[in-house]
Ligand code: NAP
Ligand code: F7E
């Protein structure tokens, strides 16, 4: 039985990846931080919890030692781009240096890099890199060779994580890969990200629980896919004989305005009646456009996405309608509802 350790197991991707690996027969360990982490009940049933924090080197060594994983998936990060301007140093520590600490923990526990250790042997490492690293894009679409020009402290921190992962691969023969994932969403997406903010608001406005939706730049263009599809690519990357980095996305571009239109259309409302542009949601430096060229992932991993953009937005609105209607009837959420985000 293969053993996996997931950091960020309480996040969107962590939950889908844990489900996927359990279904594939893995023993799954999840790193959870904090004394009384309010997200602890998001950990999928069947996952073994180990305490630890990307800010604390010794806790990571202890976690790797306890889980004895064949594969480590480093998904933990401060992942909300606007927050990275307000807490730039913390973002660098967690999202950037946290990767180095995880790599060091693997090196210390497995002995990789010591005299006599065989290159490529031992623990395999997946780093959650991001299309945010492309930032001000130099070409459309973006692939593994596209120049990085990050536009936020988050993007800069991810670029560090990306290069230190590659460096450990080249320096120590570690089987370490970066998945350069484009935006991926689901009903479990955090409420601060634009798709979920829109689908939840459309549902709540429909139910009379909210009057307006305040947004920033409606012209921003992204390549949005379904998180459940993207975690399959993570496992496939670690299953390759030769470690390499892969871009993962759909290759289709849509604007924030498209998300708004489809979400309000799904609940039978005209978005113009409810959306207000609010400068507080406009970023100091914007990533205007992202679009993936996933040829390498499609050819080498045989990975393909299964959920179309419109279906994804409708899936999220439907889930938010059901959840909001339940909350309307039972204002105090049951533990089951907490778990379901
Ligand atoms: P998410 O929902 O925001 O989850 C982030 C996770 O990181 C949470 O489990 C959080 O735990 C954990 N975390 C934060 N600080 C930590 C620390 N100091 N020590 C340990 N754990 C910590 O993110 P996601 O959308 O699932 O994304 C997963 C990863 O992929 C992230 O690295 C993100 O940057 C990257 N990524 C995401 C996308 C996307 O579109 N979703 C695209 C490209 C790359 P708590 O519950 O304790 O806060
Ligand atoms: O913004 C615009 C905003 O916060 C998308 C993270 O998972 O994907 C995500 O980062 C776009 C931006 O995602 C609002 O200006 C307009 O252009 O949903 P988002 P993101 O910044 O692309 C990447 C790949 C990651 O790696 C990150 O971890 O939408 N936008 N109005 C807004 N965005 C938000 N959040 N809120 C608004 O009101």
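I need the full set of residues from the range 196-222 which are within 6 Å of ligand 2 (Cβ to nearest atom) and in contact with a strand residue (DSSP E or B) (Cβ under 8 Å, 6 or more places away or on another chain), in order please. Matches in the range 196-222: 197, 215, 216, 220, 222. When 322, 310, 327, 337 are checked against the criterion of being at pLDDT below 95 and under 23 Å from residue 212 (Cα atoms), 327 stands alone in meeting it. Among the residues of the range 63-74, at least one is out of contact with any strand residue (DSSP E or B) (no Cβ under 9 Å at 6 or more places or on another chain) and more than 10 Å from ligand 1 (Cβ to nearest atom).
Within the range 143-181, how many residues turn out to be away from ligand 1 (no atom under 13 Å from the Cβ), in a loop (DSSP other than H, G, I, E, B) and surrounded by 21 or more Cβ atoms within 10 Å (Cβ to Cβ)?
Looking only at the range 143-181, we keep the residues that are away from ligand 1 (no atom under 13 Å from the Cβ), and these are 143-149, 151, 163-164, 166-177.
Those left that are additionally in a loop (DSSP other than H, G, I, E, B): 143-149, 151, 173-174.
Filter once more, so that each one left must be surrounded by 21 or more Cβ atoms within 10 Å (Cβ to Cβ): 174.
Final tally of qualifying residues: 1.
Looking at the range 248-282, which of its residues are farther than 21 Å from residue 132 by Cα, out of contact with any strand residue (DSSP E or B) (no Cβ under 7 Å at 6 or more places or on another chain) and surrounded by 13 or more Cβ atoms within 10 Å (Cβ to Cβ)?
The answer is 261, 262, 263, 264, 265, 266, 267, 269, 271.
Is it the case that residue 98 is in a helix (DSSP H, G or I) and in contact with a helix residue (DSSP H, G or I) (Cβ under 8 Å, 6 or more places away or on another chain)?
Numbers: in a helix (DSSP H, G or I): yes; in contact with a helix residue (DSSP H, G or I) (Cβ under 8 Å, 6 or more places away or on another chain): yes.
Judged against the criteria, residue 98 is a match.
In the set (1) farther than 21 Å from residue 108 by Cα; (2) at pLDDT 95 or above; (3) within 15 Å of ligand 1 (Cβ to nearest atom); (4) in contact with a helix residue (DSSP H, G or I) (Cβ under 9 Å, 6 or more places away or on another chain), residue 46 fails one condition alone, (3). With respect to the conditions (1) within 27 Å of residue 305 (Cα to Cα); (2) touching a residue at least 60 places away in the same chain (Cβ under 8 Å); (3) within 13 Å of ligand 2 (Cβ to nearest atom); (4) touching a helix residue (DSSP H, G or I) at 6+ places or on another chain (Cβ under 8 Å), residue 156 falls short on a single one, namely (1). Restricting attention to the range 53-71, the residues that are crowded, with 16+ Cβ neighbours inside 10 Å and over 14 Å from residue 106 (Cα atoms) add up to 1.
Is it true that some residue in the range 124-131 is more than 16 Å from ligand 2 (Cβ to nearest atom) and either outside any helix (DSSP H, G or I) or farther than 20 Å from residue 152 by Cβ (or both)?
As a first pass, look at the range 124-131 and keep what is more than 16 Å from ligand 2 (Cβ to nearest atom): 124-125.
Retained after the next criterion (residues that are either outside any helix (DSSP H, G or I) or farther than 20 Å from residue 152 by Cβ (or both)): 124-125.
So far as the range 124-131 goes, yes, one or more of its residues are more than 16 Å from ligand 2 (Cβ to nearest atom) and either outside any helix (DSSP H, G or I) or farther than 20 Å from residue 152 by Cβ (or both).
When residues in the range 185-219 are screened for being crowded, with 20+ Cβ neighbours inside 10 Å, more than 12 Å from ligand 1 (Cβ to nearest atom) and part of a loop (DSSP other than H, G, I, E, B), 1 of them pass.
Against the numbered list (1) surrounded by fewer than 18 Cβ atoms within 10 Å (Cβ to Cβ); (2) under 30 Å from residue 70 (Cα atoms), residue 245 comes up short only at (1). Out of curiosity, is residue 231 within 14 Å of ligand 1 (Cβ to nearest atom), in the same structural domain as residue 167 (by TED's automatic domain parsing), in contact with a helix residue (DSSP H, G or I) (Cβ under 6 Å, 6 or more places away or on another chain) and not in a loop (DSSP other than H, G, I, E, B)? In short, yes. The requirement of being closer than 20 Å to residue 179 by Cβ, touching a strand residue (DSSP E or B) at 6+ places or on another chain (Cβ under 6 Å) and in the same structural domain as residue 94 (by TED's automatic domain parsing) is satisfied by residue 26. Testing residue 76 on (1) in contact with a helix residue (DSSP H, G or I) (Cβ under 7 Å, 6 or more places away or on another chain); (2) more than 16 Å from ligand 2 (Cβ to nearest atom); (3) not in a helix (DSSP H, G or I), one condition comes back false. Which one is that? Evaluating residue 76 over (1) in contact with a helix residue (DSSP H, G or I) (Cβ under 7 Å, 6 or more places away or on another chain); (2) more than 16 Å from ligand 2 (Cβ to nearest atom); (3) not in a helix (DSSP H, G or I) leaves (2) as the failure.
Yes or no, residue by residue, for (1) under 29 Å from residue 150 (Cβ atoms); (2) modelled with pLDDT under 95; (3) in contact with a strand residue (DSSP E or B) (Cβ under 9 Å, 6 or more places away or on another chain):
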residue: 40; (1), (2), (3): no, no, yes
residue: 54; (1), (2), (3): yes, no, yes
residue: 59; (1), (2), (3): yes, no, yes
residue: 76; (1), (2), (3): yes, no, yes
residue: 80; (1), (2), (3): yes, no, no
residue: 83; (1), (2), (3): yes, no, no
residue: 86; (1), (2), (3): yes, no, no
residue: 93; (1), (2), (3): yes, no, no
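The values are calculated or read from the model by the stated rules, or taken from the named source; none is laboratory data. All values reported here derive from a predicted model rather than from experimental measurement. Cβ sites come from the backbone with ideal geometry, for glycine too, and all protein chains shown count toward neighbours.
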